[in-house]
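J.: Please see the structure below; I have some questions.
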Amino acid sequence: MADTVQQALRELLENDTTAIVHDTGRWTWREHLAEASAQASALLPLLDRTRPVHVGTLLGNTPDMLHAVAAAGLGGFPLVGINTTRRGEGLARDIRRADCQVVLTDPAHAPLLEGLDLGDATVLDVASPHWRLLVEGAQPLEAYREVEMMDPFMLIFTSGTSGDPKPVLLAQIMVIFAGNNLVSRFSITPDDVAYLSMPMFHSNAILAGWCVSLCSGAAMAPATFSASGFLDDIRRYGATYMNYVGKPLAYLLATTEQPGDADNPLRVAFGNEATDRDIDEFARRFGCTVWDGFGSTETAVIITREEGTPPGSIGKGLAGVEVYDPVSLTQCAPAEFDENGALINADKAIGELVNTQGGGFFSGYYNDRAATDERMRHGMYWSGDLAYQDADGWIYLAGRTADWMRVDGENLAAAPIERILQRLPQLSRVAVYGVPDEHVGDQVMAAIVLRDDTTLNPEEFSEFLAAQADLSPNAWPRHVRLAADLPVTATNKILKRELKQQGATPGSGALWVRTGTTYSAAP
């Protein structure tokens, strides 16, 4: 069995089953990997081997991106996934920080690089005649090196929800580990088609999508996520498997349901960060199995759902995953709940998700010892995610470490409030965060997006909150923003820091303010 991406790709070199289905054409694995081998052979003479041999990709989810990913795998050099939503100096800084010697791009993204200081990186447009001449004239591939299990396959930037994105070294073996696990769990075969609509510069697309095809020989259907075009894509490509991260299920469920939605070939959706309601509703509406887990780009903390996972829980962690107090460096007390299911010992139970056994497959941030050391403290990996764990080992997210709020002397975490608000039938997406109180501490603010063709007024919202027996009075939002959408990263994660910076304002929507238990529109 293959231990590296390089080995796994070589096993598919002479495979004549379908590898890529796309509106621009179809490729067998033999054809796809022949193109990837030629591209790797064309790139290697351009790289200075006395420096990090890093090739960046500023590409959308297209066959070109799939060829580039496979080229790096076969060629034995690390690929750098460049975030296509970054702009200006932030984009240039990412390319320089990752020491990219070459950046592959296309006509849709090449203009983003114009006028930027990219150091000495060479930009190659994969649609240009120059690139085609290089590829067509390439010699048979001689890999840069025979890679080993812990060698980096890619440098993948974190999503940047809580600071500047940092490049994570993604080990070869992690891709194989994830792929084999998912292939076995979902019985994936070469007859399946994996719908890849999450951006391929991110870990979810690689570790929940691409790796499945790598380890099974299933076909890949690269696409750009669109709530309106999703079902047409699934049917046109015959997609049976999909991955997701962030809020795609919520976006899809916000569209108007049609009688024939379940008439499609999709049988499995796997990803993370979906709510309980969205998991159940998506499975019902589209006639498939939805399996949601938890994992960061760093892959050091992995949590999986299993049969019997309680509502609100994200499952149980792999060996070593615990909830720790970052001050005392001890395990937090088990969560306790009242008769209504409300957490009653938040101060003692909520802590940071850690891996007590170390970093697992996390090899560190590239060229950033300080950030790596911040994650790896006291021999443990500290995730930056708040959570609590009950006596049976079930884990519940409480938000990021920046999501603590101090309201009238009570410590509150954002995620439990968000889970309660998600019970509101009209709700599509929500973000809960703290804004400064006029006297001391914080007040709770919620930014909400409604489902298509639904409405909500202040009286209905107040009545809903009053009916939630597990919602603390201090957790009632003081301010509520009704928005058409929320700011998100390229991986559909809500950017709370932008919302916090805007404060208790309506933004481009409407603002309600609570007095007692009554909400009214702000003047």
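Every number here is computed from the coordinates shown, using simple stated rules; none is lab data. All of these numbers come straight from a predicted model, not from anything done at the bench. Cβ coordinates were reconstructed from backbone atoms using ideal geometry, including for glycine residues, and neighbour counts include every protein chain displayed.
J.: What are the GluC sites (Glu not before Pro) within the range 90-190 that DSSP puts in a loop, where the Cβ has at most 11 other Cβ atoms within 10 Å?
T.: On the way: sites: Glu114, Glu136, Glu142, Glu146, Glu148; in loops: Glu114, Glu142, Glu146, Glu148.
Those that pass, being in a loop and sparsely packed, are Glu114, Glu142, Glu146.
J.: Separate question: When averaged across all projection directions, what area in nm² does the alpha-carbon convex hull of the range 5-292 cover?
T.: On the way: hull surface 58.7 nm².
If I average the Cα hull's projected area over directions, I get 14.7 nm².
J.: At a Cα cut-off below 24 Å, give the lysines reachable from Lys496, other chains included and same-chain residues fewer than 8 away excluded.
T.: Qualifying lysines at Cα under 24 Å: Lys166, Lys247.
J.: Extending each Cα 7 Å along its Cβ direction at Glu31 and Arg423, get the distance between those two points in nm, one decimal.
T.: Reported label-point gap for Glu31 and Arg423 is 5.4 nm.
J.: Would you list Cys100, Cys288 from fewest to most Cβ contacts within 10 Å? Please report the intermediate quantities before stating the final value.
T.: Details: Cys100 27, Cys288 20.
Arranged by neighbour count, lowest to highest, Cys100, Cys288 become Cys288, Cys100.
J.: Moving to a separate point now. I'd like the distance between the alpha-carbon centres of the range 125-175 and the range 215-232, rounded to an integer number of Å.
T.: About 22 Å separates the Cα centre of the range 125-175 from the one of the range 215-232.
J.: Suppose each label sits 7 Å from its Cα in the direction of the beta carbon; what would the Asp23-Glu463 distance come out to in nanometres?
T.: 4.5 nm
J.: First measure r as the distance between the Cβ atoms of His439 and Arg185, then evaluate 1/(1 + (r/R0)^6) with R0 = 45 Å and state the FRET efficiency to the nearest 0.05.
T.: Values: r = 52 Å, r/R0 = 1.15.
The calculated FRET efficiency here is 0.30.
J.: Where a Cα-Cα gap under 20 Å defines reach, which lysines qualify for Lys316, not counting those fewer than 8 residues away within the same chain?
T.: Partners within reach: Lys348.
J.: State whether the range 83-193 is rounded, prolate or oblate according to the following rule on the C-alpha gyration tensor (a ≥ b ≥ c being the square roots of its eigenvalues): a/c under 1.5 gives rounded; otherwise a/b larger than b/c gives prolate, and the remaining case gives oblate.
T.: On the way: a/c = 1.79, a/b = 1.28, b/c = 1.40.
Oblate.
J.: Order 189-202, 302-315 from most to least packed using the mean count of other Cβ atoms within 10 Å. Please list the in-between numbers first.
T.: Numbers: 189-202: 22.9, 302-315: 15.9.
Put in order of decreasing packing, that is 189-202, 302-315.
J.: Nearest 10 degrees, 0 to 90: what angle lies between the long axis of helix 29-43 and the longest principal axis of the chain (Cα atoms)?
T.: 80 degrees
J.: Which of rounded, prolate or oblate describes the range 189-267 when judged by the alpha-carbon gyration tensor and an a/c cut-off of 1.5? All intermediate terms of the calculation are to be shown ahead of the outcome.
T.: Numbers: a/c = 2.38, a/b = 1.34, b/c = 1.77.
Cα axes put the range 189-267 in the oblate bin.
J.: Quick one: length gained pulling Ala370 to Glu339 fully straight, 0.36 nm per residue minus the C-alpha distance?
T.: Values: separation 31, 0.36 × 31 = 11.16 nm, distance 4.49 nm.
Extending this stretch completely gives an extra 6.7 nm.
J.: So if each residue of separation counts as 0.36 nm, and I subtract the Cα-Cα distance between Arg235 and Thr517, what length gain in nm does that give?
T.: Values: separation 282, 0.36 × 282 = 101.52 nm, distance 4.75 nm.
Going from the current span to full extension adds 96.8 nm.
J.: Taking every DSSP beta bridge with both residues inside the range 5-292, roughly what % is antiparallel (nearest 5)?
T.: In the range 5-292, approximately 20 percent of DSSP beta bridges are antiparallel ones.
J.: Taking the Cβ of each residue in Asp3, Asp452 as the centre, tally the other Cβ atoms inside 10 Å and list the residues starting with the fewest.
T.: On the way: Asp3 14, Asp452 11.
By the 10 Å Cβ count, ascending: Asp452, Asp3.
J.: Here's another thing I want to ask about it. Would you calculate a helix-derived [θ] at 222 nm for the chain, using -39,500 (n - 2.57) for each DSSP H run of n ≥ 4 and dividing by the full residue count, to the nearest 500?
T.: Values: 15 runs with 133 residues, N = 523.
After summing the helix terms and dividing by residue count, I get -7000 deg cm²/dmol.
J.: Just tell me which aspartates and glutamates come within less than 14 Å, Cα to Cα, of Lys500; anything on the same chain fewer than 8 places away is out.
T.: The reachable aspartates and glutamates, counting only those whose Cα sits under 14 Å from Lys500, are Asp403, Asp437, Asp442.
J.: Spin-label point model (7 Å from Cα, Cβ direction): what's the Glu14 to Thr455 distance in nm?
T.: If labels sit at Glu14 and Thr455, their model points lie 6.8 nm apart.
J.: Between rounded, prolate and oblate, where does the range 407-521 land on the alpha carbon gyration tensor, with a ≥ b ≥ c its root eigenvalues, rounded for a/c under 1.5, else prolate if a/b exceeds b/c?
T.: Numbers: a/c = 1.39, a/b = 1.09, b/c = 1.27.
Since a/c stays below 1.5, the shape of the range 407-521 is classed as rounded.
J.: Could you list His130, His67 in order of exposure, starting from the residue whose Cβ has the fewest other Cβ atoms within 10 Å?
T.: Taking fewest neighbouring Cβ atoms as first place, the list is His130, His67.
J.: Right, something else. What percent antiparallel are the DSSP beta bridges of the chain, to the nearest 5?
T.: Values: 55 of 91 bridges.
Among the beta bridges of the chain, antiparallel pairing accounts for roughly 60 percent.
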